[in-house]
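**Student:** Encoded as structure tokens, here's the structure I'll be asking about.
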Amino acid sequence: MAAIGALARRAASLGRDFAHRALATAGLRQSEATISRDASEYWEDAGSESWKANSHWRDAPVFAGNDLWHEIGARHLTMLQRGARMVQFDRPWKRVVEWGCGGGANAVHFAPQCDEYVGVDVARASLDESAKQVAASCSTPFIPVRVDVENPEQALALIGGPCEVFLSCYVFELIPTPAYGARLLRIARDLLVPGGLALIQIKYDDGRWRSKSRRRSYKTGIAAMTTYRIPDFWQLAEDIGLTPEAIELVPENELDKRYAYFLLSKPF
Ligand SMILES: C[S@@+](CC[C@H](N)C(=O)[O-])C[C@H]1O[C@@H](n2cnc3c(N)ncnc32)[C@H](O)[C@@H]1O
């Protein structure tokens, strides 16, 4: 009976997704302002099991009875360290900025590697949760920075100084539009020291209709809102003044499908 219920829910969700994509294809896209307003409402309404899962909190059911929550950050740290060796980036990490830190799955692995860890998020509850997780794992100060979805650029003044490493994982897929991602790349460029590194994970558009950016109904398709063709994201980063150094593809993992990690550097 439970299996039938799950199948019915999956079918309903596929049907909804199909309907919204058809409307967007017919030209009925929502504006970035409308999608941002919905996103803001969603992330402010903390507490449900699905909200915690979408925010990668350690006690969300998706992480119960497995090591996945720890694996997330451990994998990203290994990836960034490998990239740093590849481009011979060997200076100390005085400040790491994580965009969309959620429940701290990356923070607990990266914070011990730096002097100061800045977690940026739109959800106050997730900043508190990250701070708690970091305090339990190391003595590096965790600096919480809350931004409004509509105004990510406010982080520049709130952070108030450069960083050696900029990290954003499991976030670009749930930003309002691809153009919003360009704003985040500009913020990364402005924050990074010359030679500094960014690791940005995107969900890629593989050419199929259903893998395009959704452009409507944020709350019913959070993790499908924004995708990029891999060459387009490469070009976007270059246009903004960041140098793509490497891409790592993860066609499928325990959480979802079609991930690409871009290692970007800021030119000297
Ligand atoms: C799936 S969690 C990812 C958490 C963490 N980065 C990880 O890899 O486990 C997504 C996080 O992005 C945050 N978020 C959503 N929209 C954002 C935005 N426009 N700017 C910054 N953070 C955002 C959410 O509040 C949530 O904490």
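The values are calculated or read from the model by the stated rules, or taken from the named source; none is laboratory data. If you're wondering where the values come from, they're calculated on a predicted model, not measured in any experiment. Reconstructed Cβ throughout: ideal geometry from the backbone, glycine too, with neighbour counts over all protein chains shown. Only protein heavy atoms, including side chains, enter the accessible area calculation; ligands, DNA and RNA are left aside. Shrake-Rupley method; radii C 1.70, N 1.55, O 1.52, S 1.80 Å.
**Student:** Quick one: what are the phi-derived ³J(HN,Hα) couplings along the stretch 215-224, Karplus 6.51/-1.76/1.60 with θ = phi - 60°, whole Hz, x for glycine and proline?
**Tutor:** 6, 7, 6, 3, 5, 9, x, 3, 7, 10
**Student:** Around ASN253, with a cut-off of 14 angstrom between Cβ atoms, what is the net charge of the other residues, counting Lys and Arg +1 and Asp and Glu -1? Mind dumping the intermediate values first?
**Tutor:** On the way: positive: ARG75, LYS203, LYS257, ARG258; negative: ASP67, GLU71, GLU173, GLU248, GLU252, GLU254, ASP256.
Residues close to ASN253 contribute a combined charge of -3.
**Student:** How long is the gain from ASP256 to ASN66 if the chain were fully straight, where each residue apart is worth 0.36 nm and the alpha carbon distance is subtracted?
**Tutor:** The span from ASP256 to ASN66 would gain 66.8 nm if fully extended.
**Student:** When the chain is fully extended, how far beyond the present Cα-Cα distance does ASP45 get from ALA246, taking 0.36 nm per residue of separation? It would help to have the intermediate numbers written out before the result.
**Tutor:** Numbers: separation 201, 0.36 × 201 = 72.36 nm, distance 3.66 nm.
Value of the extension gain: 68.7 nm.
**Student:** Sticking with this structure for a sec: Antiparallel versus total DSSP beta bridges in the chain: what percent is that, nearest 5?
**Tutor:** 45 percent
**Student:** Accessible area, 1.4 Å probe, largest first: how do PHE233, PHE142 sort?
**Tutor:** Highest to lowest solvent-accessible surface, that is PHE142, PHE233.
**Student:** Another question about this same structure. Can you compute the modelled spin-label distance between ILE230 and THR25, with each label point 7 Å from Cα toward Cβ, in nm?
**Tutor:** 2.5 nm
**Student:** In the chain, what percent of the accessible surface is made up of carbon and sulfur (1.4 Å probe, ligands and nucleic acids excluded)? Intermediate results must be reported in sequence, preceding the final value.
**Tutor:** On the way: 6540 of 12220 Å².
Carbon and sulfur: 54 percent of the exposed surface of the chain.
**Student:** Which lysines, if any, have their Cα less than 20 Å from the Cα of LYS212, not counting same-chain residues under 8 positions apart?
**Tutor:** Straight-distance partners of LYS212: LYS203, LYS257.
**Student:** Using modelled amide H (1.01 Å from N, peptide plane; none on Pro or chain starts), what sits under 5 Å from the amide H of TRP57, excluding residues fewer than 5 places away?
**Tutor:** Under 5 Å from the amide H of TRP57 lie the amide H atoms of GLY103, each far enough along the sequence or on another chain.
**Student:** Throw me the Rg/Rh for the stretch 197-268, computed over C-alpha atoms with Kirkwood Rh, two decimals.
**Tutor:** Values: Rg = 13.1 Å, Rh = 13.0 Å.
Expressed as Rg/Rh, it is 1.00.
**Student:** Leaving out ligands, DNA and RNA but keeping every protein chain, what accessible area does TRP99 have, in Å² rounded to the nearest 10, with a 1.4 Å probe?
**Tutor:** 20 Å²
**Student:** Sticking with this one: Which three extents, in whole angstrom, do the alpha-carbon atoms of the stretch 32-265 cover along their principal axes, largest first?
**Tutor:** Rounded to whole Å, the extents work out to 43, 38, 35 Å.
**Student:** Right, here's the next one. Between the stretch 118-178 and the stretch 1-72, what's the alpha-carbon centroid distance in Å?
**Tutor:** 21 Å
**Student:** In the full protein assembly as shown, how much of LYS132 is accessible to a 1.4 Å probe, in Å² to the nearest 10?
**Tutor:** My reading of the accessible area for LYS132 is about 120 Å².
**Student:** Please give the peptides 122-131, 255-264 ranked by average Cβ packing (other Cβ atoms within 10 Å per residue), highest first, as a rough proxy for protection.
**Tutor:** 122-131, 255-264
**Student:** Right, another one. Could you do me a favour and compute the accessible area per residue for the chain, 1.4 Å probe, result in Å²?
**Tutor:** 46 Å²
**Student:** Now, a different point. Sequence-distant or interchain residues sharing an amide H contact under 5 Å with ALA246, placed H: which?
**Tutor:** Amide H to amide H, under 5 Å and 5 or more residues apart or across chains, ALA246 pairs with LEU263.
**Student:** Taking LYS52 as the anchor, which lysines have their alpha carbon closer than 17 Å to its alpha carbon, excluding any fewer than eight residues away along the same chain?
**Tutor:** Result set, ordered by chain and number: LYS132, LYS219.
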